[in-house]
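Colleague: The structure under discussion is supplied below as structure tokens; questions concerning it will follow.
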Amino acid sequence: MRAPGALLLLSGLFFAVPAAATEGGSMWPDTPDARLELEALVATLDARLLSHPSATLTLEGWCRDHGLAPVAHVVARRVPGATRAPSAGQRRELAVGAEEEVVYRRVELACGGRVLSVADNWYVPARLTPAMNGLLARTDTAFGHVVADLHFTRRTLESTRLFAPLPDGWERDGLPPAGAGTIAIPAAILRHRALLYRQDGVPFSEVVETYTGAMLDFPPPPLK
């Protein structure tokens, strides 16, 4: 059964996550141990993404570590017809004037058959090389791969966890009792908003990345 798509609100804008992001369903039994394991996994994933400038490479490492695909290679699938003008706030963050070109690109980042992330990206083409702009315009290559030669850095503007396997206060009140069936993992589990900078300190991209429940679509570890 496919989970419904999610509509996520950020700074007054809605970001849709496709239902296909969670295809395959949950394999995690509703037990205290499984919820504790999921809590640790989400925290680990969040920490890895926040500590690495390239979300693409982080996703490939996660895909490889957890066997989500035979080959741990992330590809970007552009969403055709997607368009969203940058807000005045985004132009200030990117340090561009009202008339300077900012290009919007929306992609689904997939490893094998699983959509692991949906990325909404506003970038300044004048701050990239012609070769990079050509690849972004003509191909589905992931943004992180295209701009890797910039050796860019990343500053997180916003980090939001959208899935809480454990209730508030569990560390004080104890783990919840076991339930029937499996744990319902939502279509979206994390969302980050960040600015990417060239080595000279000039920002060239703002990205909103929504990480899907497919990141957790693997069996829990065996009980010991």
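Colleague: Looking at T156, is it of a type in the set (S, T, N, Q), within 30 Å of Q90 (Cβ to Cβ) and free of Cβ contacts under 8 Å to residues at least 12 places away in the same chain? Can you show your working first?
Modeller: Values: of a type in the set (S, T, N, Q): yes; within 30 Å of Q90 (Cβ to Cβ): yes; free of Cβ contacts under 8 Å to residues at least 12 places away in the same chain: no.
So T156 fails the test.
Colleague: If you don't mind, another one. Any residue that is within 23 Å of C111 (Cα to Cα) and in contact with a helix residue (DSSP H, G or I) (Cβ under 9 Å, 6 or more places away or on another chain) - is there at least one of those in the range 172-180?
Modeller: Checking the range 172-180: not a single residue is within 23 Å of C111 (Cα to Cα) and in contact with a helix residue (DSSP H, G or I) (Cβ under 9 Å, 6 or more places away or on another chain).
Colleague: Which residue, of N133, N121, is more than 15 Å from the chain's Cα centre (by Cα), of a type outside the set (S, T, Y) and under 29 Å from E93 (Cβ atoms)? Give the derivation first.
Modeller: Values: N121 fails: more than 15 Å from the chain's Cα centre (by Cα).
Selected residue: N133, the only one of N133, N121 that is more than 15 Å from the chain's Cα centre (by Cα), of a type outside the set (S, T, Y) and under 29 Å from E93 (Cβ atoms).
Colleague: I'm trying to understand the selection: among the residues of the range 42-58, which are open to solvent by less than 20 Å² (accessible area, probe 1.4 Å), touching a residue at least 60 places away in the same chain (Cβ under 8 Å) and of a type outside the set (G, A, S)?
Modeller: Of everything in the range 42-58, those that are open to solvent by less than 20 Å² (accessible area, probe 1.4 Å), touching a residue at least 60 places away in the same chain (Cβ under 8 Å) and of a type outside the set (G, A, S) turn out to be V42, L45, D46, L49, T56.
Colleague: While we're on this one: Of all helices (runs of 4 or more DSSP H) completely enclosed by the range 66-149, which ones contain at least 1 residues that are open to solvent by 50 Å² or more (accessible area, probe 1.4 Å), without any contact (Cβ under 8 Å) to a residue 12 or more places away in the chain and out of contact with any strand residue (DSSP E or B) (no Cβ under 7 Å at 6 or more places or on another chain)?
Modeller: Correct list: 88-94, 130-138.
Colleague: When A34 is evaluated against the numbered criteria (1) modelled with pLDDT under 85; (2) open to solvent by less than 30 Å² (accessible area, probe 1.4 Å); (3) not charged (D, E, K, R), which criterion, by number, is the only one it fails?
Modeller: Against the list (1) modelled with pLDDT under 85; (2) open to solvent by less than 30 Å² (accessible area, probe 1.4 Å); (3) not charged (D, E, K, R), A34 comes up short only on (1).
Colleague: Return yes or no: is E60 part of a helix (DSSP H, G or I) and more than 14 Å from the chain's Cα centre (by Cα)?
Modeller: Values: part of a helix (DSSP H, G or I): yes; more than 14 Å from the chain's Cα centre (by Cα): no.
Taking the combined requirement at face value, the residue does not satisfy it.
Colleague: Out of (1) assigned to a helix (DSSP H, G or I); (2) buried (at least 16 other Cβ atoms within 10 Å of the Cβ); (3) at pLDDT 90 or above, the odd one out for A20 is which?
Modeller: (3)
Colleague: Among the numbered criteria (1) over 29 Å from A34 (Cβ atoms); (2) under 21 Å from the mean Cα position of the chain (by Cα), which one does M215 miss?
Modeller: It is condition (1) that M215 fails.
Colleague: State the number of residues belonging to the range 163-205 that are assigned to a strand (DSSP E or B) and of a type in the set (S, T, N, Q).
Modeller: Selection size over the range 163-205: 2.
The values are calculated or read from the model by the stated rules, or taken from the named source; none is laboratory data. In this text the structure is predicted, and so the values were computed from the model without any measurement. FYI the Cβ positions are ideal-geometry reconstructions off the backbone, even for glycines, and counts take in every protein chain you see. Only protein heavy atoms, including side chains, enter the accessible area calculation; ligands, DNA and RNA are left aside. Shrake-Rupley method; radii C 1.70, N 1.55, O 1.52, S 1.80 Å.
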